[in-house]
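What follows is a set of notes on a single structure, which appears directly below.
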Amino acid sequence: MQEVFIGREKELAELNDLYNQDKFQLFVLYGRRRVGKTTLLNEFCKNKPSIFYSAEQSNNKLNLEKFSNLVFAYYNETTLESFSSWENALTYIDERQKDKRLIIVIDEFPYLVRKNRALLSEMQHLIDHKLKNGNLFIVLCGSYMGFMEKEVLGSKSPLFGRRTGQLHMKPFSYKTSMRFLDGFSNEDKLKLYGAFGGTPLYLKQIASDINFEENIKYAFLRITAYLYEEPLLLLRQEVHEPGVYSAIIEAIASGYTKSNEISTKLGEDSAKCLKYIQTLCELGILYKETPFGEKESSRKTIYGINDFMFRFWYRYVFTNRTLIETGAQEAVWEKRIVTDYSNYMGLVFEKVCTDFLISQNAKGNLPFLFTSFGRWWGNDPSTHTQEEIDIIATDSHDYLICECKWRNEKIDISVLKKLKVKADIFNKNRDKTWYVLFSKSGFTKAVHKEASTDKNIILVDLSTLLN
């Protein structure tokens, strides 16, 4: 398998399984930009009869003309006029194919629907009355997740109930991302993941023959580097007012995480600001988080940056662009990044530890199967102090209470004792509570001794995380 295709073997196998079923398929593939959707589809279409059309942000007539040209080229037709409608185009293909298999990929599908709102209803009618009896394999692909979930997959969509499969394609987990990072130490692997995230195209920017510092400088601190403009270029592709959206992401990267804090920082109306935030969530750039166990409407709701590359860029590149563009790359590295990166990695490490727990849960390697998990922050009713728990996972009877420490010192017994006290906020039955300590730098002898006599204490170091 080609190196460019690392990490999507399972998704490819599932697409091929559907292809081999030898009946009509309508497959919906969606996920944020750069996540590898087109790469997966190209791999799927390889050595199979296919027509692959990537829609453009033009009007319906021009898109239809270009699609018509692709269709006629596939059938070696040269003198036919463009189709007058998408329904005519798909009917023509269906009739030419009879029972022969053909993949039709329509990439950037939202572009078509925005210019032709009737397209979804036309496709529904066509599937119900003609296509479902044929052998076409239609793939609708899009990057705007909110659109794909509501307009294509949602219960009010004309296409609801017509799809035969779907895939929300996400960035690679930290474990899959490590496959791009051979040759680095465990610590540097996670530090690189914290900067580049799990997006395949970004991971491919990492050079294995230079160290962590040189990779950061080469990929982010040069004005000609691929990632130097990437977040802004992506926003310009997706939204009409990229400046406002960019300011929101910058505010969150600077620590303004509640919607009222963000709107105050921007000087924008809070309702308007919330609409922008919602769009960024639908694009997969931001995420919404409430304390574990609280309703989504909780006043404690905060927003974070989903993509680590965006988070790194807005924290260290965007705010220092003037310095970078006046030749101060070394100063930005020494005075802005080196001095702060350990703080930055705290949240990255929490996410990695959460991913680890999810994968262990799926394999049945934990004391129980948890059904919900999250981060918690709030008031300890017994001490009336503000507390945080990095990760809680539960099946509503048993609890995993986790502490994640990205620091150079080993975790000592005081951290374990404090975690046990915090755990009592949720569950005072210690027989039903497991305490999980994640540490970048290991554990003191006292912690190891305590864990050797208490089966409810689980210790996880970097080598365990990355094996």
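With the highest mean first, a sort of the peptides 207-218, 433-444 on other beta-carbon atoms found within 10 angstrom per residue produces 433-444, 207-218. The alpha carbon gyration tensor of the range 382-446 gives principal lengths a ≥ b ≥ c with a/c of 1.5 or higher and a/b greater than b/c, which makes the shape prolate.
Take every pair of alpha-carbon atoms less than 8 Å apart whose residues are at least six positions apart; their mean separation over the length of the chain yields a relative contact order of 11 percent. Accessible surface for the chain, divided over its residues, is 47 Å² per residue with a 1.4 Å probe. The residue list Ile51, Gln386, Leu192 was ranked by how far each Cα lies along the charge dipole of the chain toward its positive end, using unit charges on Cβ atoms, and Gln386 comes out on top. Sorted from longest to shortest, the spans of the Cα atoms of the range 350-419 along the three principal axes equal 36, 32, 19 Å.
From the Cα gyration tensor of the range 30-95, with a ≥ b ≥ c the square roots of its eigenvalues, which class applies: rounded if a/c is under 1.5, or else prolate if a/b is larger than b/c, or else oblate? Note, shape of the range 30-95 comes out oblate.
Between the labelled values (i) 25.9; (ii) 40.2; (iii) 30.8, the entry that holds mean projected area of the Cα convex hull in nm² as derived from this structure is (i). Along the range 97-104 the Karplus relation, 6.51 cos²θ - 1.76 cosθ + 1.60 evaluated at θ = phi - 60°, assigns HN-Hα couplings of 6, 6, 9, 7, 5, 8, 8, 10 Hz to successive residues, with x for each Gly and Pro. Phi angles across the range 213-219 convert, under the Karplus curve 6.51 cos²θ - 1.76 cosθ + 1.60 with θ = phi - 60°, into 3J(HN,Hα) values of 4, 5, 5, 5, 4, 5, 8 Hz, Gly and Pro given as x.
I need the shape label for the range 324-467. Rule: rounded when a/c is under 1.5, else prolate if a/b > b/c, else oblate, with a, b, c from the alpha carbon gyration tensor. Because a/c hits 1.5 or more and a/b exceeds b/c, the range 324-467 counts as prolate. FRET efficiency for the pair Thr371 and Glu81, taken as 1/(1 + (r/R0)^6) with r the Cβ-Cβ distance and R0 = 60 Å, rounds to 0.55.
For the range 51-150, what % of the accessible area comes from carbon and sulfur atoms, probe 1.4 Å?
47
Take each peptide in 151-159, 13-21, count the other Cβ atoms within 10 Å of every residue, and average; sorted highest first, the result is 151-159, 13-21. Computed from label points 7 Å out along Cα-Cβ, the spacing between Phe52 and Glu65 is 2.5 nm. Remark: C-alpha extents of the range 1-133 on the principal axes read 41, 33, 30 Å, sorted largest to smallest. In order along the range 290-296, the Karplus-derived 3J(HN,Hα) couplings, from 6.51 cos²θ - 1.76 cosθ + 1.60 at θ = phi - 60°, round to 10, x, 3, x, 9, 5, 4 Hz, and Gly and Pro are given as x. Among the trypsin sites (Lys or Arg not before Pro) found in the range 385-420, those both in a DSSP coil and sparsely packed, with 15 or fewer other Cβ atoms within 10 Å of their Cβ, are Arg407. FRET efficiency for the pair Lys417 and Leu466, taken as 1/(1 + (r/R0)^6) with r the Cβ-Cβ distance and R0 = 30 Å, rounds to 0.60. Entry for the range 57-161 at q = 0.13, 0.16, 0.21, 0.23 Å⁻¹: log10 I(q)/I(0) = -0.48, -0.73, -1.26, -1.47, Debye formula applied to identical alpha-carbon scatterers, no solvent contribution. The modelled label-to-label distance between Ile223 and Thr319, using points 7 Å beyond Cα along the C-beta direction, is 2.2 nm. Between the Cα long axis of helix 9-19 and the first principal axis of the chain there is an angle of about 30°, rounded to the nearest 10.
With viscosity 0.692 mPa s and temperature 37 °C, the Kirkwood radius over alpha carbon pairs of the range 309-404 converts through Stokes-Einstein to a diffusion coefficient of 202 µm²/s. Among 175-183, 71-79, 276-284, 42-50, sorting by the average number of other beta carbon atoms lying within 10 angstrom of each residue, highest first, gives 276-284, 175-183, 42-50, 71-79.
Scaled against 2.2 N^0.38 Å for its residue count N, the alpha carbon radius of gyration of the range 261-369 is 1.37.
The values are calculated or read from the model by the stated rules, or taken from the named source; none is laboratory data. Everything quoted here is computed from the prediction, not taken from an experiment. For neighbour counting, all protein chains shown are included, and Cβ atoms are generated from backbone atoms with ideal geometry for every residue, glycine included. Accessible surface is based on the protein model in full, side chains and every heavy atom, while ligands, DNA and RNA are left aside. Shrake-Rupley method; radii C 1.70, N 1.55, O 1.52, S 1.80 Å.
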